[in-house]
Amino acid sequence: MPTISKIVLKNPATLYLKYLYRSLLYKIRMDVDFGYMSTILNGELSKHSSIGEHCSLNNLELGSYSYMANHTSGINTRIGKFCSVGSHCRIGLATHPISGASTSPAFYTSNAPNGGQFGAGVVFDELPMTRIGSDVWIGNEVSILAGVTIGNGAVIGAKCLVNRDVLPYEVVAGVPCRHLRMRFDEESISFLQSLEWWNKSTDWLRQHGGSFANINELQEVLDDSDSKFTN
């Protein structure tokens, strides 16, 4: 039977007041847009990030200028800068072992639902850390299993099930996800990985942002800048 404290904490009025407090706090301190009735537990939102309405975040870090659209949830996840996460995504979904006699968490974790525990404690990590790089685009209704690593610049198609690591600048889609193509050739990917433009200052981004629509133009502009500097 629920205790009085749990009833109070889950009361709609209490939840709304908690949301209101968090949204004002993040907006004032970090210039973060905190969507209506979204929740965050043991997480960190960086400056200029944004989460949509009814998002649920648990032990999740969201980098600067990244956003998550409405009704997206994430747990035990690190997301880099300038990422675009669509609506109704599920990030860090728990996994179950399938090699033993049972897949039930009652036999491999100390935190099983309904208090059932018949094993020797934690013998399987069902929620390993999920890591998403910077400049990643994740479409609507994507599901990402816990423990997956998604590289910088990757693109995940809508409704995709990501059950494996995704390479930097790889485009994947499907259930389960399959490789479609790489966004650029190896030389261009190496250039972007070395540049790490997402870690540049805001002044640098303002100066060079006009060239981002064409990677060849960006390389030429930076080559010219380096040439002038060395000469």
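I'd like the antiparallel share, as a percent to the nearest 5, of DSSP beta bridges with both residues in the range 141-205. Intermediate results must be reported in sequence, preceding the final value.
On the way: 4 of 9 bridges.
Given both bridge residues lie in the range 141-205, the antiparallel proportion sits at roughly 45 percent.
Sort the range 95-231 into rounded, prolate or oblate with this rule: let a ≥ b ≥ c be the square roots of the eigenvalues of the Cα gyration tensor; rounded if a/c is under 1.5, and if a/c is not under 1.5, prolate when a/b is larger than b/c, oblate otherwise.
Values: a/c = 3.63, a/b = 2.66, b/c = 1.37.
Prolate, since a/c reaches 1.5 and a/b exceeds b/c.
What is the extension gain from S104 to S190, computed as 0.36 nm multiplied by their sequence separation minus the C-alpha to C-alpha distance, in nm to one decimal? Before the final figure, lay out each step's value.
Values: separation 86, 0.36 × 86 = 30.96 nm, distance 4.35 nm.
Separation in residues times 0.36 nm, less the Cα-Cα distance, equals 26.6 nm.
How large is the charge dipole for the range 40-184, taken about the Cα centre, if only the Cβ atoms of Lys, Arg (+1) and Asp, Glu (-1) carry charge, to the nearest 20 debye?
The calculated dipole for the range 40-184 is roughly 340 debye.
Given points 7 Å out from each Cα along the Cα-Cβ axis, report the N42 to T202 separation in nanometres with one decimal.
Distance between label points: 3.2 nm.
Can you pull out the GluC sites (Glu not before Pro) in the range 153-228 whose DSSP state is coil and whose Cβ has at most 14 other Cβ atoms within 10 Å?
Details: sites: E170, E186, E187, E196, E217, E220; in loops: E196.
When the GluC sites (Glu not before Pro) of the range 153-228 are filtered for loop state and at most 14 Cβ neighbours within 10 Å, E196 remain.
What percent does the relative contact order of the range 135-231 come to when contacts are Cα pairs within less than 8 Å and at least six residues apart?
Details: 138 pairs, mean separation 15.6, N = 97.
Relative contact order of the range 135-231: 16 percent.
Here, each number is a calculation from the coordinates, and none is a lab measurement. Since this is a predicted model, take the numbers as computed values, not measurements. FYI the Cβ positions are ideal-geometry reconstructions off the backbone, even for glycines, and counts take in every protein chain you see.
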